[in-house]
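A.B. asks: Let me begin by handing over the structure; questions about it come next.
The values are calculated or read from the model by the stated rules, or taken from the named source; none is laboratory data. Predicted model only: the values in this text are computed from it and were never measured. When we count neighbours, we look across all protein chains shown, and the Cβ atoms used for this are built from the backbone with ideal geometry, even at glycine. Keep in mind that these areas ignore ligands, DNA and RNA; they rest on the heavy atoms of the full protein, side chains included. Shrake-Rupley method; radii C 1.70, N 1.55, O 1.52, S 1.80 Å.
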Amino acid sequence: MMGTASTNSETEKFHILQAEVVRQSLAPSWVGAKREWYLVHIYEEPGGTCVCTHPNITKRCVIRNRENGIDLVVGNTCVRHFDEEDGTKASSAFESLVNLREDPMSKKPNQALLDLGLKFNVITTKSFTFASGLLRKKKPTPKQLQWRQDINHALIAAFSQHLPF
């Protein structure tokens, strides 16, 4: 019985998400409306509310409507309704951010975080290529470690706050 209540709540929240997205879109239906939206930023900040009305979200995803420029904030679960690949990357990137915050000196960003860092112009192509190559390296040089730490700090800073667009 408990599973049914949870499923009903999730279904209700999905319907709320659909209605709000359609309201903020040019397309008159969910199928068309969801194609208008794409991921533009992720960040962590406690106490947020998703468009679906899910309260107390910390992992937030900013999506933008490519037709009218409107931004909406959704949680890292709802973002998957728009682009499964970006949603999966966002979830994985949030996990990597937790690890980096614990130890930015020795932890490595995962590929998803690097991908989003490049996509959102947080890191350069050169830094992306370097850090991606370093993911498989066991013993980086002191100079490589310093560069990775600089990249880590840039990623942590960029994805720890809502940036103005």
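A.B. asks: List every residue pair whose Cβ atoms lie under 8 Å apart, where the two residues are 6 or more positions apart in sequence or sit on different chains, the first residue falls within segment 29-45 and is closer than 12 Å to residue 83 by Cα and charged (D, E, K, R), and the second residue, located anywhere, is modelled with pLDDT of 95 or more and surrounded by 19 or more Cβ atoms within 10 Å (Cβ to Cβ).
C.D. replies: 34/21; 36/25
A.B. asks: Listed residues 20, 44, 36; which is within 17 Å of residue 160 (Cα to Cα) and acidic (Asp, Glu)?
C.D. replies: 44
A.B. asks: Quick one: which strands (runs of 3 or more DSSP E) sit completely within segment 1-78 and have at least 3 residues that are open to solvent by 30 Å² or more (accessible area, probe 1.4 Å)?
C.D. replies: 37-48, 57-65
A.B. asks: Count, please, the residues in segment 79-121 that happen to be of a type in the set (Gly, Ala, Ser) and part of a loop (DSSP other than H, G, I, E, B).
C.D. replies: Adding up the residues that qualify gives 1.
A.B. asks: Show the residue pairs that are 6+ apart or on different chains and have beta-carbon atoms under 7 Å apart, the first residue being within segment 117-141 and over 15 Å from residue 155 (Cβ atoms) and free of Cβ contacts under 8 Å to residues at least 12 places away in the same chain, the second being of a type in the set (Lys, Arg) and surrounded by 11 or more Cβ atoms within 10 Å (Cβ to Cβ).
C.D. replies: 140/148
A.B. asks: Could you run through segment 135-165 and say how many residues are in a helix (DSSP H, G or I), within 27 Å of residue 61 (Cα to Cα) and among the aliphatic types (A, V, I, L, M)? If you could, list the steps in order and put the result at the bottom.
C.D. replies: Of the residues in segment 135-165, the ones in a helix (DSSP H, G or I) are 142-158.
Narrowing further to those that are within 27 Å of residue 61 (Cα to Cα): 148-158.
Now narrow it down to the ones that are among the aliphatic types (A, V, I, L, M): 151, 154-158.
Selection size over segment 135-165: 6.
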